[in-house]
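**Q** Right, I'll just put the structure down here and ask away after.
The values are calculated or read from the model by the stated rules, or taken from the named source; none is laboratory data. Owing to the predicted nature of the structure, the values given are computational and were not obtained by experimental measurement. With ideal geometry, Cβ positions are generated from the backbone for all residues, glycine too; neighbour counts draw on all protein chains shown. Quick note on the areas: whole protein, heavy atoms, side chains included, nothing else; ligands and nucleic acids left out. Shrake-Rupley method; radii C 1.70, N 1.55, O 1.52, S 1.80 Å.
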Amino acid sequence: MDFHSGVNQGVAPVTYGQGERPPRGDYAQARSDYTCEQQWQRYTAAEHDLYRRLYERQAAQLNGLACEEFIAAVKHLGAPERIPRFDALSEALHRATRWEVVAVPGLIPEEAFFALLAARRFPVTNWIRTPEEFDYVVEPDVFHDLFGHVPLLFNPVFADYMQAYGEGGLKASRLAACEYLARLYWYTVEFGLIATPAGLRAYGAGILSSAGELRHSVTSALPRRRPFELERIMRTRYKIDDYQATYFVIDSFEQLFDATRPDFAPIYARVAGMPEFEADDSRDQTASNTSG
Ligand code: PHE
Ligand code: FE
């Protein structure tokens, strides 16, 4: 089966992390572009209640830790009591930034993901974690995808960045450079921090949807925090099963957008010939560079 084409063949394309458990979405019901129906009527009262508890726990700790753009936009998700209907959310989002949210059964191949972003369609997993996964879920679920990602899509600059990222992804897959671009996504869209006049704040979805990492990323003395630097990010590995060892800090969404505007083709070529950094590396240069 050819997963690189990014066309749904009816089965889960990827497994996440080291677990043997297969992804739980129903890929057989999804369209060729991996989008599917949300099937909102299928959520049980217990699932809506789990969403409410996740939402309330995160909402209670946003002040002083999440960036203002996120806090201002989180209300667009609607009432916290139940899992939002994607179609109603899409109407509001489209009015704001011409984006929409579309349901997917779970993780999808890179090319399918990039194609949706390039079309200003944000894929949101339609299922919610189990109650046992209240504190930690290894695959993204509807709570991570909605609460973590959708509010900033209401911000015009960030919304344009996400579309540019999708277009850049389609190009990166032609250049076999997806690994470098995935690191950019990880260290910005998922785990980015932003320096604001009021102090350090989180804007990355992986942080904003995490009960523990939100405070850890902003206030703990343990992780390294480095100023945003495109090539450093492309060369830095990341962990998917623990709090990040390094966070990259932007000054503004405009800075992020401007820094990613240049043609990445020569940057990929340069980075491909350079050593990588481990996630917890504090050095400014790799040993092979300094000794060479
Ligand atoms: N400028 C990048 C390229 O040429 C595209 C891109 C834009 C990537 C924004 C990420 C974010 O590939
Ligand atoms: Fe995510």
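**Q** Of all accessible surface on the chain at a 1.4 Å probe, what whole percent is carbon and sulfur?
**A** 51 percent
**Q** Another question about this same structure. What ³J(HN,Hα) values, in whole Hz, does the Karplus curve 6.51 cos²θ - 1.76 cosθ + 1.60 give for the range 29-35 when θ = phi - 60°, with x put for Gly and Pro?
**A** In residue order, the calculated couplings are 8, 7, 6, 5, 8, 6, 6 Hz.
**Q** A follow-up question, please. Would you mind getting me the FRET efficiency between Glu68 and Ala28? Use the beta-carbon distance for r and R0 = 35 Å, nearest 0.05.
**A** So the FRET efficiency works out to roughly 0.25.
**Q** Nothing charged except the Cβ atoms of Lys and Arg (+1) and of Asp and Glu (-1): what's the magnitude of the dipole of the chain about its Cα centre? Round to the nearest 20 debye.
**A** So the dipole magnitude of the chain works out to roughly 320 debye.
**Q** Next question. Amide H to amide H under 5 Å from Arg224: which residues, 5+ apart in sequence or cross-chain, H placed 1.01 Å off N in plane?
**A** HN-HN under 5 Å from Arg224: Thr246, Tyr247.
**Q** A follow-up question, please. Across the range 69-81, in residue order, what do the Karplus-derived ³J(HN,Hα) couplings come to in whole Hz, using 6.51 cos²θ - 1.76 cosθ + 1.60 with θ = phi - 60° and x for Gly and Pro?
**A** 4, 5, 4, 5, 9, 5, 4, 5, 5, x, 4, x, 5
**Q** Here is a further query. For Glu37 and His76 in one chain, what is 0.36 nm times their gap in residues minus the Cα-Cα distance, to one decimal in nm?
**A** 11.9 nm
**Q** With θ set to phi - 60°, apply the Karplus curve 6.51 cos²θ - 1.76 cosθ + 1.60 along the range 232-239 and write out the HN-Hα couplings as whole Hz, x wherever there is a Gly or Pro.
**A** Per-residue couplings from phi come out as 4, 4, 4, 9, 9, 5, 9, 9 Hz.
**Q** Only helical DSSP H runs with n ≥ 4 go in: add -39500 (n - 2.57) per run for the chain, normalise by residue count and round the 222 nm mean residue ellipticity to 500 deg cm²/dmol.
**A** -10000 deg cm²/dmol
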